[in-house]
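First up is the structure itself, then whatever we jot down about it.
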Ligand SMILES: Nc1ncnc2c1ncn2[C@@H]1O[C@H](COP(=O)(O)OP(=O)(O)O)[C@@H](O)[C@H]1O
Ligand SMILES: [Mg+2]
């Protein structure tokens, strides 16, 4: 299992945008992907 962390202390720096699009690309390429975003209430997406 590979873990990719997209981190920046500042808000509004495209962390979520990058994460979701990267996950979508990996998912479309056939890999199983679990996304954990850093929103106030944790949101889990499974592709
Ligand atoms: N490459 C980009 N070009 C223009 N706007 C962008 C880009 N990436 C993200 N944004 C916009 O910037 C804002 C913050 O992005 P977001 O991914 O929610 O940041 P974060 O998760 O770091 O708080 C959103 O409105 C998003 O649509
Ligand atoms: Mg975010």
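The numbers here are math on the coordinates, done by the rules we state, and not lab data. Quick caveat, the model's predicted, so the values are computed rather than measured. Because the Cβ atoms are built from the backbone with ideal geometry, glycine has one as well, and the counts that use them run over all protein chains shown.
Points worth noting:
- Protection proxy ranking of 24-30, 4-10, 14-20 - average other beta-carbon atoms within 10 Å, highest first: 14-20, 24-30, 4-10
- The modelled label-to-label distance for the pair residue 6/residue 18, using points 7 Å beyond Cα in the direction of Cβ, is 0.7 nm.
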